[in-house]
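Everything below concerns the one structure shown next.
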Amino acid sequence: MAVSPAGSSTLITVAPTGAEADKAAAPALPVTLAELLVTAKECEAAGAAVIHVHIRDDAARPTLEVGRLADTVAALREGTGLIVQLSTGGAVTDSFASRLAVLDAAPDACSLTCGTVNFGDDVFSNPWPFIKDLYQLTKERQVVPEFELFDLGHIATLGRLLAEFGPPAGGHVHCDLVMGVPGGMPGDVATLAAAVAALPDGATWSATGIGRTTLPVMLALSAPAVTCASAWRTR
């Protein structure tokens, strides 16, 4: 969930599927559109306001197929009142072109990762030219970006992006600090405090703890060093 610097509002984001887990390891994982819609409705009833969406193909493999994405956006809009945020990260194997094409599905919002990061044994590639192209496309399409930050250096790239191209669609900067990915920033209080302190003035933020860092990141949000704002995404 995300809280404004003044603490005036809270948005809970749910990311129910992701690109890594499979049904065998997590039987409750929603991999079909019908399953995703049921999960979305349940999460909305529990208080969620935003859904961060990854989709799967007929074999439950991650996909960025635009037709499926458009159908997913339409179904979520018809069946829920959630803000629909599509992942432009997809899976580490997805091409830059297919990741840009995500915006053809006309979501309310999308993720925008501000740098390359080692992702376990893989590399999640986000070079500067791709970041620029995606950011300019979000502005053109008026899709609100959530800036995903996997490491402290990504915050510097975010500053460079805003300085060169101006504020995002909607005029407000919102960031998600993704912590605990092997190769990215650790999910601990000291790192969270440093990341929050480095964010642009006026930005709101959430923090995502991956895997075993889920609870440590959640608990770190109450630490005095970071209670100037407080946010958590469930994943």
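Per-residue answers, yes or no, for (1) in contact with a Pro (Cβ under 6 Å, 6 or more places away or on another chain); (2) assigned to a strand (DSSP E or B); (3) outside the structural domain of residue 179 (by TED's automatic domain parsing); (4) crowded, with 20+ Cβ neighbours inside 10 Å:
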position	(1), (2), (3), (4)
48	no, no, yes, yes
52	no, yes, yes, yes
69	no, no, yes, yes
91	yes, no, yes, no
97	no, no, yes, no
123	no, yes, yes, no
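Inclusion of residue 102 among residues that are in the same structural domain as residue 56 (by TED's automatic domain parsing), of a type in the set (A, V, I, L, M, F, W, C), in a strand (DSSP E or B) and surrounded by 14 or more Cβ atoms within 10 Å (Cβ to Cβ) is not warranted.
Candidates in the range 173-203 are the residues that are β-branched (Val, Ile, Thr) and over 17 Å from residue 157 (Cα atoms); of these, the one that is surrounded by the fewest Cβ atoms within 10 Å (Cβ to Cβ) is 189.
For the range 81-96, the set of residues classified as polar (S, T, N, Q) and touching a residue at least 40 places away in the same chain (Cβ under 8 Å) consists of 85, 87, 88, listed by residue number. Of the residues 147, 130, which is without any contact (Cβ under 8 Å) to a residue 60 or more places away in the chain, farther than 17 Å from residue 18 by Cβ, part of a strand (DSSP E or B) and aromatic (Phe, Trp, Tyr)? From the options 147, 130, the qualifying one is 147.
Sort out which residues of the range 102-118 are in contact (Cβ under 8 Å) with a residue 60 or more places away in the chain and either more than 30 Å from residue 80 (Cβ to Cβ) or over 17 Å from the mean Cα position of the chain (by Cα) (or both), and write them in order of number.
Within the range 102-118, 117, 118 qualify.
Selection of first residues in the range 11-28 that are more than 18 Å from residue 90 (Cα to Cα) and of second residues that are among the polar types (S, T, N, Q) and surrounded by fewer than 15 Cβ atoms within 10 Å (Cβ to Cβ), restricted to Cβ pairs under 8 Å at least 6 apart or on distinct chains, gives an empty result.
Which residues, counting only those in the range 95-128, are within 17 Å of residue 139 (Cβ to Cβ) and acidic (Asp, Glu)? Once the filter is applied, which keeps residues that are within 17 Å of residue 139 (Cβ to Cβ) and acidic (Asp, Glu), the range 95-128 yields 104, 108. For the range 125-140, the criterion of being under 17 Å from residue 13 (Cβ atoms) and in contact with a Pro (Cβ under 8 Å, 6 or more places away or on another chain) is met by no residue. Being at pLDDT below 95 and within 30 Å of residue 25 (Cα to Cα) is a condition met by at least one residue of the range 122-135. Taken as a whole, the condition of being out of contact with any strand residue (DSSP E or B) (no Cβ under 6 Å at 6 or more places or on another chain), at pLDDT 95 or above and in a helix (DSSP H, G or I) does not apply to residue 138.
The values are calculated or read from the model by the stated rules, or taken from the named source; none is laboratory data. Since the model is a prediction, treat every value here as computed from it, not as a measurement. As a convention, Cβ positions derive from the backbone with ideal geometry for all residues, glycine included, and neighbour counts pool all protein chains shown.
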